[in-house]
Each structure stands twice: as C-alpha cells, then as structure tokens.
Amino acid sequence: MRGLGLIFGAGLMSTVASGQATLPIIQTKAVAEVETKVSVEGRDVVRLSPANRVVPGDEVDYTIEIRNTGVSDAVAPVVVWPVPEHMAYLADSATGPGAEITYSVDGGRTFDRPEALKAMGSDGRMHVAKAQDYTHIRWKLKITLESKSVAYARFRAVVK
C-alpha cells in the first residue's frame, strides 16, 4: 500500500513544489503481514508473512515505513494512517519511535487520546470510543528524521 497516509514534517505536507528541493520529502508505504507458525529444526517459530489472504478474525500486523527522501532533515514529522475499512484496530497496538499516538473516530478530522474520544453507540447515545471505532491513527514523532533515513510505525488490526 502506498500513499494512503498523510504526512507532515515541520508543518508542511510532503508534496514539494518545483524549486523547493531543500525541503524534506516524506514518503510512506505500509506492509500488511500475518503471523504464521513454521517448524525450524523441530521447533515451532512464529514468522511474519504477507497478508495475501485473510478471513474474518485474522489479525494483521501493519508496518508503516516513514522515509525521508529529501536533502534536509524532517523535524518531528507527523504521520496519519487510516485503519482499513474492513479492519478493526486492536487496542494499544500502535507503536512508533518516541511518538505521541492519537486516534480519530471521525474519518481523520480530529484526533485525541483514547480516553477522550467519544462515539455514538447503537443506543444512540455518546460513549467513550472503543478501539474498533477508530478510523485513523496519528503518530507525532518526537525525533528528527534525518535526510535519507527511515523510521517505522506499527499497529495491529483484525479482519471484520
């Protein structure tokens, strides 16, 4: 998967106009994998393999590669990634390099900590959002992503 996320660095979107080659250029891609058990020398070992075929209930590990292909450093880049529509985010599974992680339940318009998010329940009343209500994840990296370097963010989701 490429180009699904929105990336910001030093307050700028990653799209760079001609003549601005000194800006950081942040590119992202996601890899979706599932855990599989294989036998290695008589021992069961868990390996990650491409999530080519999944069925409801399967858990998928998403790794977001955040690459600065520009010639200057990206100070504290921000990455926003959607939870795929056919998936439900698994609570507390998002990680990133020293990142502040927040979530959206409104299609990525607003973000907050899990305990502050509200969603409409089946009873028509607002309640504290559950992980499966999340539509987007935002990582505010607390690092400088140097030119020509890469960072990784991760999360898990289950097929609905």
Since LYS148 meets every condition but one in (1) free of Cβ contacts under 8 Å to residues at least 60 places away in the same chain; (2) part of a loop (DSSP other than H, G, I, E, B), which condition does it not meet? (1)
Suppose we keep only residues that are touching a residue at least 40 places away in the same chain (Cβ under 8 Å) and not in a strand (DSSP E or B) within the stretch 76-92. Which one would you say is surrounded by the most Cβ atoms within 10 Å (Cβ to Cβ)? PRO77
Output the residues belonging to the stretch 56-72 that are over 12 Å from THR28 (Cβ atoms) and at pLDDT 95 or above. PRO56, GLY57, ASP58, GLU59, VAL60, ASP61
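State whether the residues of the stretch 118-125 include one that is in contact (Cβ under 8 Å) with a residue 12 or more places away in the chain and either in a strand (DSSP E or B) or over 30 Å from VAL71 (Cβ atoms) (or both). Talk me through it step by step, then tell me what you get.
Keep residues of the stretch 118-125 that are in contact (Cβ under 8 Å) with a residue 12 or more places away in the chain, which gives 118-119.
From the residues that got through so far, the ones that are either in a strand (DSSP E or B) or over 30 Å from VAL71 (Cβ atoms) (or both) too are 118-119.
Within the stretch 118-125 (the criterion being in contact (Cβ under 8 Å) with a residue 12 or more places away in the chain and either in a strand (DSSP E or B) or over 30 Å from VAL71 (Cβ atoms) (or both)), the answer is yes, since at least one residue qualifies.
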The lone exception for SER122 - which of (1) surrounded by fewer than 12 Cβ atoms within 10 Å (Cβ to Cβ); (2) among the hydroxyl-bearing types (Ser, Thr, Tyr); (3) at pLDDT 95 or above it fails: (3)
State which residue is nearest to the chain's Cα centre (by Cα) when the search covers only the stretch 93-107 and only residues that are farther than 13 Å from LYS142 by Cα and in contact (Cβ under 8 Å) with a residue 40 or more places away in the chain. ALA94
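Considering every residue within the stretch 29-45, establish whether at least one is closer than 25 Å to LEU141 by Cβ and touching a Lys or Arg at 6+ places or on another chain (Cβ under 7 Å). Steps first, please.
Taking the stretch 29-45 first, the residues closer than 25 Å to LEU141 by Cβ are 29-33.
Then keep just the ones that are touching a Lys or Arg at 6+ places or on another chain (Cβ under 7 Å); that gives 29.
Looking for residues that are closer than 25 Å to LEU141 by Cβ and touching a Lys or Arg at 6+ places or on another chain (Cβ under 7 Å), one finds at least one in the stretch 29-45, hence yes.
The values are calculated or read from the model by the stated rules, or taken from the named source; none is laboratory data. Only a predicted model underlies this, so the values are computations on that prediction, with no experimental measurement involved. Backbone-built Cβ (ideal geometry, glycine too); neighbour counts: all protein chains shown.
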